[in-house]
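Everything below concerns the one structure shown next.
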Amino acid sequence: MHPAPSVIAFTTLSGLGFGLLAFLGIGLPPVTGWVAFVFFFLGYALAVGGLLASVAHLANPKNAIKAFSQWRSSWLSREGIVAVFALLVMTVFAIALIFFGVRLRLVGLIGALLCLGTVFTTSMIYTQLKTVPRWNMWTTPPVFILHALGGGALLAGQPRLAAVLLASLGALMVWAWIVGDEKGRAGSTMETATGLGHIGKVRLLEPPHSGENYLLKEMAYQVGRKHAFKLRLIAFGLGIVLPVLLMLLLPVTHTTALVAILAHLVGIFAGRWLFFAEAEHVQALYYGR
Amino acid sequence: MTTLPQSTEKKLGLVIDLDTCVGCHACVVSCKEWNTSNYGAPLSDIDAYGAEPHGTFLNRVHSFEAQPESGCSQTVHFPKSCLHCEDAPCVTVCPTGASYKREEDGIVLVNEDDCMGCGLCAWACPYGARELDEIFGVMKKCTLCVDRIYNENIPEEDRIPSCVRTCPSNARHFGDLSNPESNVSKLVAARGGMDLMPELGTKPVNKYLPPRLKDQPSDAALEPQHNDAKGLFAWLDKALENI
Ligand code: SF4
Ligand code: SF4
């Protein structure tokens with residue numbers, strides 16, 4: 001699948017933002033006043049910035065408001081609604097905390113759950129697609145949620161928790177890579193796509209058009225696959241191993257925290273890029289790709 | 001509403017005969033001509049006369065080669081457009097309600113006034129049957145010529161999809177696949193009409209008729225017919241060998 005920068009930015013940044021907001025909602029770290037303001041500002045900037053990046057991905061954004069209407073069937077619609085609720089509830093919690101020094105525990109808890117709900121609904125947009133077998137796995141939602149929680153814990157200054165969450169994320173990511181590689185296109189082949197398997201092995205003789213088109217650009221992206229191994233190393237090394245070691249072995253200072261966060265960011269960008277670039281869509285079979 | 005109807009009154013669709021399609025692309029051209037000037041936004045072309053022409057099409061013809069264990073390969077021309085699936089994943093993923101399946105005849109359509117161009121429906125379709133228009137930013141797909149088949153302003157013989165009307169080798173058939181007595185249902189029954197990628201559970205309405213298997217030349221036909229030449233030919237054979 002085409003790794004659109006807007007979608008990569010959206011899923012990673014908003015994931016981190018909602019992760020941080022979720023921790024703030026349950027009182028980690030127990031900040032108030034201006035310090036709280038800074039933390040909430042960061043959380044909102046990431047979450048809302050990510051959501052805005054996703055709007056940049058739309059070809060006809062003037063109808064974006066209609067995306068709140070189909071929650072009965074569409075995960076994308078549900079995501080929009082849950083995100084708005086999460087941001088609203090967290091705003092109530094943040095205002096009470098920052099300006100009145102009051103911690104509305106229940107509101108915070110509900111807000112935290114809605115933040116995780118947003119990340120979950122995002123992940124389901126990908127998980128639901130049978131056409132992309134590498135996404136259509138039980139591992140996708142927990143990977144997204146652990147991404148948000150692990151990164152959120154780093155930002156919230158919770159070194160032990162961050163280490164545990166990131167380590168679990170790392171294990172699950174590796175597992176998803178292995179299973180995803182084995183799964184391939186989950187049994188769909190050029191033979192099932194064309195129904196010509198009863199004659200023999202099928203190959204593309206002539207594509208339907210000589211140039212590129214939307215389908216090839218969007219769903220037959222091939223550049224990523226040859227660098228997959230290196231990118232996996234980067235994603236795992238910088239996104240997981242380095243921050244975990246820093247959090248566990250060194251005294252946590254602003255510098256170590258900053259290095260850990262930056263390394264983690266680079267790592268998850270690489271990982272998320274790969275999440276798209278490596279994912280094969282069954283329709284590319286009609287193009288022999 | 002992007003939930004699917006429980007059932008539809010009719011199942012209008014196409015039956016495509018892979019045995020007779022000659023891969024002439026006439027259906028591609030006629031589809032583009034009709035649909036760029038009728039339902040919804042035009043089908044844009046980009047760099048049409050330049051080095052990298054590309055654009056939106058609702059129907060495309062691939063050509064495949066199937067190679068049996070032994071003997072000659074078989075070339076199959078393969079037109080592909082929306083299959084108007086009964087269990088259409090493209091409809092349920094749509095967040096805006098733009099994509100829908102009609103209860104009366106099962107046609108899957110996009111209401112372009114609601115589409116926000118997110119492209120998720122194209123991701124959900126296994127068949128590559130939806131293309132996001134690069135200029136108009138809305139999702140385009142086969143409408144089964146909904147603006148022809150019920151159109152009383154055009155002659156009756158034209159009230160079928162443009163591709164079916166055009167096909168010079170009669171490889172495309174249109175009708176109600178829910179009615180076992182319809183021409184298309186009979187064709188499907190007689191010729192073993194099949195679903196594409198049935199493993200994905202989309203239950204396509206459109207069916208493909210598999211190509212008939214080619215004759216295998218018998219080995220006897222390839223044996224030399226005259227080993228024992230006589231008379232003039234025997235002399236010629238000898239003379240030529242001695243040169
Ligand atoms: S062929 Fe694709 S676009 Fe058409 S109904 Fe089926 S899933 Fe939807
Ligand atoms: S591109 Fe348009 S029709 Fe397709 S899912 Fe998005 S809003 Fe719906």
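The values are calculated or read from the model by the stated rules, or taken from the named source; none is laboratory data. Here the structure is a predicted model, which is why all the values come from computation and not from measurement. Cβ sites come from the backbone with ideal geometry, for glycine too, and all protein chains shown count toward neighbours.
Points to keep in mind about this one:
- Qualifying residue in segment B:131-149 (condition: among the aromatic types (F, W, Y) and either more than 8 Å from chain A (Cβ to nearest Cβ) or surrounded by fewer than 20 Cβ atoms within 10 Å (Cβ to Cβ) (or both)): yes
- Test: residue in segment B:183-202 that is modelled with pLDDT of 95 or more, within 14 Å of another protein chain (Cβ to nearest Cβ), over 26 Å from B:E103 (Cβ atoms) and away from ligand 1 (no atom under 16 Å from the Cβ): yes
- Selected residue [among the β-branched types (V, I, T) and away from ligand 2 (no atom under 16 Å from the Cβ)] from B:V138, B:V184: B:V184
- Here B:I107 meets the list (1) within 7 Å of another protein chain (Cβ to nearest Cβ); (2) over 15 Å from the mean Cα position of the chain (by Cα); (3) not charged (D, E, K, R) almost entirely, failing just condition (1).
- Residue identified as more than 21 Å from the chain's Cα centre (by Cα) and among the small types (G, A, S) among A:G33, A:G49: A:G33
- Among (1) under 15 Å from A:A279 (Cβ atoms); (2) of a type outside the set (D, E); (3) in contact with a Phe, Trp or Tyr (Cβ under 8 Å, 6 or more places away or on another chain), the one test that A:L204 misses: (1)
- Looking only at segment B:20-53, residues that are part of a strand (DSSP E or B) and touching a residue at least 60 places away in the same chain (Cβ under 8 Å) come to 1 in all.
Matching residues to (1) surrounded by fewer than 22 Cβ atoms within 10 Å (Cβ to Cβ); (2) in contact with a helix residue (DSSP H, G or I) (Cβ under 6 Å, 6 or more places away or on another chain); (3) free of Cβ contacts under 8 Å to residues at least 24 places away in the same chain:
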site: A:L42; (1), (2), (3): yes, no, no
site: A:A45; (1), (2), (3): yes, no, no
site: A:K66; (1), (2), (3): yes, no, yes
site: A:L76; (1), (2), (3): no, yes, no
site: A:L88; (1), (2), (3): yes, no, yes
site: A:A94; (1), (2), (3): no, yes, no
site: A:V119; (1), (2), (3): no, yes, no
site: A:W138; (1), (2), (3): yes, no, yes
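- When A:G27, A:G80, A:G50 are checked against the criterion of being away from chain B (no Cβ under 14 Å) and either loosely packed, with under 14 Cβ neighbours inside 10 Å or on the phi < 0 side of the Ramachandran plot (or both), a single residue qualifies: A:G50.
- Exclusive hit being out of contact with any Asp or Glu (no Cβ under 9 Å at 6 or more places or on another chain), β-branched (V, I, T) and modelled with pLDDT of 95 or more, set B:V93, B:V76: B:V93
- Count - residues of segment A:55-108 that are small (G, A, S), within 19 Å of B:T2 (Cα to Cα) and within 22 Å of the chain's Cα centre (by Cα): 6
- Filter result for A:V102 (under 28 Å from A:G271 (Cβ atoms), modelled with pLDDT under 95 and either within 14 Å of ligand 2 (Cβ to nearest atom) or not in a helix (DSSP H, G or I) (or both)): no
- For A:F120, the requirement of being over 23 Å from B:G201 (Cα atoms) and not assigned by TED's automatic domain parsing to the domain that holds A:F41 is not met.
- Qualifying residue in segment A:114-134 (condition: farther than 27 Å from B:T2 by Cβ and among the aliphatic types (A, V, I, L, M)): no
- Checking A:G150 against (1) surrounded by fewer than 22 Cβ atoms within 10 Å (Cβ to Cβ); (2) outside any loop (DSSP other than H, G, I, E, B); (3) modelled with pLDDT of 95 or more, the condition it does not meet: (1)
- Residue ID - farthest from B:S218 (Cα to Cα), chosen from residues in segment B:47-72 that are under 21 Å from the mean Cα position of the chain (by Cα) and small (G, A, S): B:G55
- Some residue of segment A:274-288 being closer than 27 Å to A:A148 by Cβ, touching a residue at least 60 places away in the same chain (Cβ under 8 Å), within 14 Å of chain B (Cβ to nearest Cβ) and small (G, A, S): yes
- Residue in segment B:56-63 that is more than 16 Å from ligand 2 (Cβ to nearest atom) and outside any strand (DSSP E or B) present: yes
- Hits in segment A:246-258 - residues which are loosely packed, with under 13 Cβ neighbours inside 10 Å and closer than 17 Å to A:V164 by Cα: A:L249, A:P251
- Some residue of segment B:77-100 being acidic (D, E) and in contact (Cβ under 8 Å) with a residue 40 or more places away in the chain: yes
- Within segment B:120-158, if we keep just the residues that are part of a loop (DSSP other than H, G, I, E, B) and under 18 Å from A:I65 (Cβ atoms), the residue that is farthest from the chain's Cα centre (by Cα) turns out to be B:G137.
- Restricting segment A:178-202 to residues that are under 24 Å from B:R130 (Cβ atoms), within 34 Å of the chain's Cα centre (by Cα) and aliphatic (A, V, I, L, M), the residue that is nearest to the other protein chains (Cβ to nearest Cβ): A:A193
- Segment B:97-112: number of residues that are part of a loop (DSSP other than H, G, I, E, B), in contact with a Gly (Cβ under 9 Å, 6 or more places away or on another chain) and either acidic (D, E) or buried (at least 22 other Cβ atoms within 10 Å of the Cβ) (or both): 3
- Considering segment B:81-96, the residues that are within 7 Å of chain A (Cβ to nearest Cβ) and surrounded by 24 or more Cβ atoms within 10 Å (Cβ to Cβ) include one that is farthest from A:N63 (Cα to Cα), namely B:V93.
Listed here are the residues, each with its yes/no results for (1) modelled with pLDDT of 95 or more; (2) at the interface with another protein chain (Cβ under 10 Å from one of its Cβ atoms).
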site: A:L204; (1), (2): yes, yes
site: A:N213; (1), (2): no, yes
site: A:A220; (1), (2): no, yes
site: A:K230; (1), (2): no, no
site: A:G239; (1), (2): yes, no
site: A:L248; (1), (2): no, no
site: A:V252; (1), (2): no, no
site: A:L258; (1), (2): no, no
